[in-house]
Amino acid sequence: MKKNTKLYETAAALLASGKGILAADESDATAGKRLDMVRLDNTPENRQDFRELLFTAPDLEKYISGVILYDSTLREAADDGTPFADLLTSKGIVPGIKVDTGTKELHGFKGEVVSQGLDDLDKRFDEYYDLGARFAKWRAVITIDEEETPTEQSLRMNAIQLARYAQLAQAAGIVPMVEPEVIFEGDHSLERAEMVTTKTLQILFQTLIEYRVDLQGLILKSSMVLAGSKYREQSTPQQVAQATLRTFHMSVPYDCAGIVFLSGGQASQRSTDNLNAVGKMGAQPWPITYSFSRALEEPFLHAWGGKKENAAAAQKVLVDVCAENSLAAQGKL
Ligand code: 13P
């Protein structure tokens, strides 16, 4: 039980009011897509530059409580030799680690996938802990398609994997962030997204409880409930906030440590507006904040353009975007 006290402390630090989490955990290949936006080659040096600029942005720690890293980034250091995890910890930011290794087709279930990465995860967790990680992320991918998809079978399979991952994380003294991402791309309605997200989360939490995961030492990373990107009518922030909170109240036990949102490919400003609408609905049984990747990094990348002379201005853009989202999480915009 002693270990769990530490888990609760980490979760509380990550969910501190007025702060959010930066997801800088792109795989090396996906980091290449970010670098491509500023016409930089996907080399280890450019990836390191990109991450160093993010993590050394002055005052980042005022708004960011944790940063999720990818395996290779957790092993990297700043130009002065300080490992990134130590650099973040010295600023009071909790380093985290993405531990799933991507998805594979769920055979027999067209278009559905299951995440990989459980093999030797206990050993990987011990190493990640030694490298400084105190929380982790596992992403499952849920797509909404015709009537059938997602199937109950794929939701259960992904929930079991998330539960096993969460058990192993907690045993290693690491706070699990469970992320069943309900994909925004598609032509589904807001109502369908709400139904699917509610079912996904209900199955997930039932499974977590069955497998005795300590919910007080666990964070949910969720999609906002949105009509699909190709649906004829896009949801307003108020509709998003209402549908999202209804979903959480139907499915997330009150002892879960907290909930953070992914941005899911929404435009940066839209993610912020939707988060603000959730914040404006007032206090909820759980702390709720953001854990965006693209919505925080893209404004930074545009300002940076891969040029040394823009670095300081781009860092300021990043911190301003984080500050704005931190206000939004409290409904203060
Ligand atoms: P986005 O905010 O870009 O959706 O990324 C968050 C994340 O961690 C996805 O796994």
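Observations on the structure shown:
- Residues in region 48-102 that are touching a Leu at 6+ places or on another chain (Cβ under 6 Å) and in a loop (DSSP other than H, G, I, E, B): Ala57, Ala78.
- Pairs where the first residue, in region 288-301, is touching a residue at least 24 places away in the same chain (Cβ under 8 Å) and of a type outside the set (A, V, I, L, M) and the second is more than 6 Å from the ligand (Cβ to nearest atom) and in a loop (DSSP other than H, G, I, E, B), C-beta under 6 Å, 6+ apart: none
- Boolean, Thr30 is hydroxyl-bearing (Ser, Thr, Tyr) and within 17 Å of the chain's Cα centre (by Cα): yes
The rows are residues; the columns are (1) within 22 Å of Ala13 (Cα to Cα); (2) crowded, with 21+ Cβ neighbours inside 10 Å; (3) modelled with pLDDT of 95 or more; (4) within 15 Å of the ligand (Cβ to nearest atom).
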| position | (1), (2), (3), (4) |
| --- | --- |
| Gly265 | no, no, no, yes |
| Ser271 | no, yes, yes, yes |
| Ala283 | yes, no, yes, no |
| Gln330 | yes, no, yes, no |
| Leu333 | no, no, yes, no |
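Here's the yes/no breakdown for (1) at pLDDT below 95; (2) in a loop (DSSP other than H, G, I, E, B); (3) within 16 Å of the ligand (Cβ to nearest atom); (4) under 24 Å from Leu14 (Cα atoms):
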position: Asp145; (1), (2), (3), (4): yes, yes, no, no
position: Gln153; (1), (2), (3), (4): no, no, no, no
position: Leu162; (1), (2), (3), (4): no, no, yes, yes
position: Pro180; (1), (2), (3), (4): no, no, yes, yes
position: Phe205; (1), (2), (3), (4): no, no, no, yes
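- A Cβ distance below 6 Å, combined with a sequence gap of six or more or placement on separate chains, defines the contacts here; from region 246-264, residues that are farther than 25 Å from Glu26 by Cβ reach residues that are surrounded by fewer than 22 Cβ atoms within 10 Å (Cβ to Cβ) and of a type in the set (A, V, I, L, M) in the pairs Pro253/Leu215; Asp255/Leu215; Cys256/Leu215.
- Cβ pairs under 6 Å, 6+ apart, first in region 33-50 and more than 14 Å from Ser293 (Cβ to Cβ), second modelled with pLDDT of 95 or more and charged (D, E, K, R): Gln48/Glu76
- For region 302-318, the candidate set comprises residues that are aliphatic (A, V, I, L, M) and without any contact (Cβ under 8 Å) to a residue 12 or more places away in the chain; within that set, the residue that is farthest from the ligand (Cβ to nearest atom) is Ala312.
- Subset of region 247-263 (residues that are within 16 Å of the ligand (Cβ to nearest atom), among the aliphatic types (A, V, I, L, M) and part of a loop (DSSP other than H, G, I, E, B)): Leu262
- Filter result (in a loop (DSSP other than H, G, I, E, B) and among the polar types (S, T, N, Q)) within region 9-46: Ser17, Ser27, Asn42, Thr43
- Of the set (1) in contact (Cβ under 8 Å) with a residue 40 or more places away in the chain; (2) within 13 Å of the ligand (Cβ to nearest atom); (3) not basic (Lys, Arg), all apply to Val278 but (2).
- None of Leu218, Leu190 is more than 15 Å from Val260 (Cβ to Cβ) and buried (at least 18 other Cβ atoms within 10 Å of the Cβ) except Leu190.
- Contacts under 9 angstrom Cβ, first residue in region 163-182 being without any contact (Cβ under 8 Å) to a residue 40 or more places away in the chain and at negative phi, partner crowded, with 24+ Cβ neighbours inside 10 Å and of a type in the set (A, V, I, L, M, F, W, C), 6 or more apart: none
- Summed over region 64-102, the residues that are surrounded by fewer than 17 Cβ atoms within 10 Å (Cβ to Cβ), within 21 Å of Asp119 (Cβ to Cβ) and free of Cβ contacts under 8 Å to residues at least 60 places away in the same chain give a count of 3.
- Against the conditions (1) closer than 25 Å to Thr200 by Cβ; (2) in contact with a His (Cβ under 9 Å, 6 or more places away or on another chain); (3) not small (Gly, Ala, Ser), Phe292 satisfies every one except (2).
The values are calculated or read from the model by the stated rules, or taken from the named source; none is laboratory data. All of these numbers come straight from a predicted model, not from anything done at the bench. Here the Cβ is made from the backbone with ideal geometry for all residues, glycine too, and neighbour counts use every protein chain on show.
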